[in-house]
Amino acid sequence: MMLIVLAMGSCSLERDLSKTFLEKRENISILLSKPDFVFKTNSNSRNIENFDKMSNSRQEQALIENSLFLKQIDDSIFLEKYFTALIAGLNSFGINVFEMDQLTSFMDQTGTLYQVSVAQIEIEEDIFPYHVEETFDDTVVYFEDFELNLVNINNWYEIHKLNDAQAVNTLLYASHYVMDQIEGQFAENIFTGEIKYKYNLFPIDTTSIYEFAGMLGEKYAGYIFDYLINEYVFRNFPENQRPGVYMHFDPNYNTLTPAGNDRFIFMEE
C-alpha cells in the first residue's frame, strides 16, 4: 500500500505512528453490539396547544403525535440501513465484523480483538430558523424568514480492546443532521418594481432520513478506524507526552490528514 501523508507542521510524530499502524497492523476483529430500538425526541413543542399544562407523560405523547417524521420512522428499517452500511464500511478497512450471535466464532479469532457497542441512537426532530436578507438601492433591506425541518442523529459508541490489561472502556459521541434545503434569491419585477424572494424548497422526508442513516453508518465506520489508529498513536507516544493531533485516514486516496472536528468526541473531553 502506498500511503500519501498530507499532514504537515507539528504533527510529524502522530503522522509517523499512524503510518506505522497502517503498514504493520495485525488482523483486526470486532464484536458489534447493536441497540434494539432508536430513541426518538421531538424538540419542537411550539405549536402544541396547552403544552405547558400537560403532565410529563402526556407531553412526551403529544410530542410524538405532533412530530412530522418520528411517528413515521420504522426502527427496523432505520437500523438495517445504518448497520448494513457500518459493517460494509468496516469490512472495507479489512476489519472482520461479528455480531452477538457469532460470539463463539469471534472468540476463535487471532490478532487484535475489540468490542464495539452502539450504546444508543437518538433521532431528534427540530426546527431550524433560516433568515435571508438583501439590501436594494443601498437603503432598503428586504428579508424573509423560514422554519426549516431538521433531524439530528445522535450516536453513542463504546469501544473496548479485549485481552489487554491497559484497555479502558471508551465512551464516544457523534451527531450529524439532515434538513430541508432552500435555494433562492430576491428578484425585482422590472415592470412594477416589486421585490420578492423567489425560491425552491427541497424538503426532507422519511426516505431521505433512511438514506441518511446509511450515510452515517459508512461515515462512522471511518470514525471507528480512525479511533483505532489514534489509540495506537496514544499508546506509542513518548512517556509523559500526549498527541496534539487526532489523525484521519482516507482509504479512497490512501492519505493521512488531521481530522479536526470530523471525528468521535470523547465524552470526558
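Just to be sure I understand the filter: pairs with C-beta atoms under 6 Å, separated by 6 or more residues or on different chains, first member in segment 92-106 and closer than 16 Å to residue 116 by Cα, second member surrounded by fewer than 17 Cβ atoms within 10 Å (Cβ to Cβ) and among the acidic types (Asp, Glu). Which pairs pass?
Sorted first by the residue in segment 92-106, then by its partner, the list stays empty.
Among the residues of segment 192-207, is any in a helix (DSSP H, G or I), surrounded by fewer than 15 Cβ atoms within 10 Å (Cβ to Cβ) and not charged (D, E, K, R)?
Here is the first cut: in segment 192-207, the residues in a helix (DSSP H, G or I) are 206-207.
Those left that are additionally surrounded by fewer than 15 Cβ atoms within 10 Å (Cβ to Cβ): 207.
Next, only the ones that are not charged (D, E, K, R) stay: 207.
Checked against the condition, which is being in a helix (DSSP H, G or I), surrounded by fewer than 15 Cβ atoms within 10 Å (Cβ to Cβ) and not charged (D, E, K, R), segment 192-207 yields at least one hit.
If you scan segment 73-108, which residues turn out to be more than 16 Å from the chain's Cα centre (by Cα) and polar (S, T, N, Q)?
Result: 76, 91, 92, 96, 102, 104, 105.
Does any residue of segment 159-173 turn out to be assigned by TED's automatic domain parsing to the domain that holds residue 112, over 30 Å from residue 26 (Cα atoms) and surrounded by fewer than 17 Cβ atoms within 10 Å (Cβ to Cβ)?
Filtering segment 159-173 for residues assigned by TED's automatic domain parsing to the domain that holds residue 112 gives 159-173.
So of that shortlist, the ones also over 30 Å from residue 26 (Cα atoms) come out as none.
Taking every residue of segment 159-173 in turn, none turns out to be assigned by TED's automatic domain parsing to the domain that holds residue 112, over 30 Å from residue 26 (Cα atoms) and surrounded by fewer than 17 Cβ atoms within 10 Å (Cβ to Cβ).
Does residue 117 satisfy the condition of being among the small types (Gly, Ala, Ser), assigned by TED's automatic domain parsing to the domain that holds residue 225, closer than 27 Å to residue 210 by Cβ and surrounded by 14 or more Cβ atoms within 10 Å (Cβ to Cβ)?
So residue 117 fits the description; yes.
Of the residues 189, 230, 200, which single one is of a type in the set (S, T, N, Q) and modelled with pLDDT under 95? Reasoning before the result, please.
On the way: 230 fails: modelled with pLDDT under 95; 200 fails: modelled with pLDDT under 95.
Result: 189 is the single residue among 189, 230, 200 that is of a type in the set (S, T, N, Q) and modelled with pLDDT under 95.
Quick one: how many residues across segment 119-143 are over 23 Å from residue 68 (Cα atoms), more than 23 Å from the chain's Cα centre (by Cα) and in a strand (DSSP E or B)? I'd like the intermediate steps shown before the answer.
First pass over segment 119-143, keeping only residues over 23 Å from residue 68 (Cα atoms): 119, 132-143.
Narrowing further to those that are more than 23 Å from the chain's Cα centre (by Cα): 132-143.
Subsequent filtering for residues that are in a strand (DSSP E or B) retains 132-136, 140-143.
Within segment 119-143, residues that are over 23 Å from residue 68 (Cα atoms), more than 23 Å from the chain's Cα centre (by Cα) and in a strand (DSSP E or B) number 9.
Within segment 156-179, is there a residue that is over 27 Å from residue 228 (Cβ atoms) and either part of a loop (DSSP other than H, G, I, E, B) or at pLDDT below 95 (or both)?
Initial filter on segment 156-179 (over 27 Å from residue 228 (Cβ atoms)): 178-179.
Checking the rest, the ones that are also either part of a loop (DSSP other than H, G, I, E, B) or at pLDDT below 95 (or both) come to none.
Within segment 156-179 (the criterion being over 27 Å from residue 228 (Cβ atoms) and either part of a loop (DSSP other than H, G, I, E, B) or at pLDDT below 95 (or both)), the answer is no, since none of the residues qualifies.
Matching residues to (1) assigned by TED's automatic domain parsing to the domain that holds residue 43; (2) assigned to a loop (DSSP other than H, G, I, E, B); (3) at positive phi; (4) touching a helix residue (DSSP H, G or I) at 6+ places or on another chain (Cβ under 7 Å):
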residue: 153; (1), (2), (3), (4): no, no, no, yes
residue: 221; (1), (2), (3), (4): no, no, no, yes
residue: 224; (1), (2), (3), (4): no, no, no, yes
residue: 230; (1), (2), (3), (4): no, no, no, no
residue: 238; (1), (2), (3), (4): no, yes, no, no
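What number goes with the only condition from (1) farther than 19 Å from residue 223 by Cα; (2) exposed (fewer than 15 other Cβ atoms within 10 Å of the Cβ) that residue 177 does not pass?
(1)
Can you name the residue in segment 79-114 that is touching an Asp or Glu at 6+ places or on another chain (Cβ under 8 Å) and not hydroxyl-bearing (Ser, Thr, Tyr) and is also nearest to residue 39 (Cα to Cα) among such residues?
Step by step, filter segment 79-114, then rank; the result is 81.
The values are calculated or read from the model by the stated rules, or taken from the named source; none is laboratory data. In this text, all values refer to a predicted model and were calculated from it rather than measured experimentally. Using ideal geometry, Cβ is built from the backbone for each residue, glycine included, and neighbour counts are taken over all protein chains shown.
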